[in-house]
1. Would you mind stating whether residue 70 is charged (D, E, K, R), more than 17 Å from residue 100 (Cβ to Cβ) and more than 14 Å from the chain's Cα centre (by Cα)?
2. Might you check whether a residue that is among the hydrophobic types (A, V, I, L, M, F, W, C), at pLDDT below 75 and assigned to a helix (DSSP H, G or I) occurs anywhere in region 8-16?
3. With the requirement that a residue be in contact with a helix residue (DSSP H, G or I) (Cβ under 9 Å, 6 or more places away or on another chain) and modelled with pLDDT of 80 or more, what does region 34-52 give you?
4. List pairs: first residue in region 34-57 and more than 20 Å from residue 75 (Cα to Cα), second residue not in a helix (DSSP H, G or I) anywhere in the structure, Cβ distance under 9 angstrom, at least six positions apart or on different chains.
5. Residues of region 67-84 being loosely packed, with under 15 Cβ neighbours inside 10 Å and assigned to a helix (DSSP H, G or I), which ones?
Amino acid sequence: MQSAGPTDSTIPPSFLANNQPTPSAEAERSEEKELEAALLGRALHALGQKSEEYVYLIDAVKLRGLTYEKVAEVTGKKVGAVGMQVTRAVKSLSMILRDLAEDT
């Protein structure tokens with residue numbers, strides 16, 4: 001009877017212990033991160049004066065998980081205005097990133 005696949009005893013221990021990316025894979029990922037950072041920088045520049053406010057709103061709601069109510073309380077804005085601005089910020093940034101990515 002044959003085994004359906006390799007077992008832990010047939011896989012070399014060095015393979016199991018060393019699941020680090022190769023130097024070329026690390027270099028490729030580093031290059032990708034640099035391109036993504038440059039692309040994001042260009043997108044934020046394209047947003048203009050509103051970019052800082054947009055980034056803070058996206059960060060607060062989408063990344064940190066704050067509610068629109070909490071952001072409204074902190075900023076002194078109405079809850080509906082916060083929701084509209086977050087939606088507008090995400091949409092604007094997404095459109096700009098998409099357009100810039102297509103150009104590269």
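1. Yes: the conditions hold for residue 70.
2. yes
3. First pass over region 34-52, keeping only residues in contact with a helix residue (DSSP H, G or I) (Cβ under 9 Å, 6 or more places away or on another chain): 39-40, 42-47, 50-52.
Residues satisfying the conditions are 39, 42, 43, 45, 46.
4. From residues that are more than 20 Å from residue 75 (Cα to Cα), the pairs are 35/104; 39/104.
5. Once the filter is applied, which keeps residues that are loosely packed, with under 15 Cβ neighbours inside 10 Å and assigned to a helix (DSSP H, G or I), region 67-84 yields 69, 73, 74, 79, 80, 81, 84.
The values are calculated or read from the model by the stated rules, or taken from the named source; none is laboratory data. Bear in mind that the values here come from a model prediction, so they are computed numbers and not experimental data. Virtual Cβ from ideal backbone geometry, glycine too; neighbours counted across all protein chains shown.
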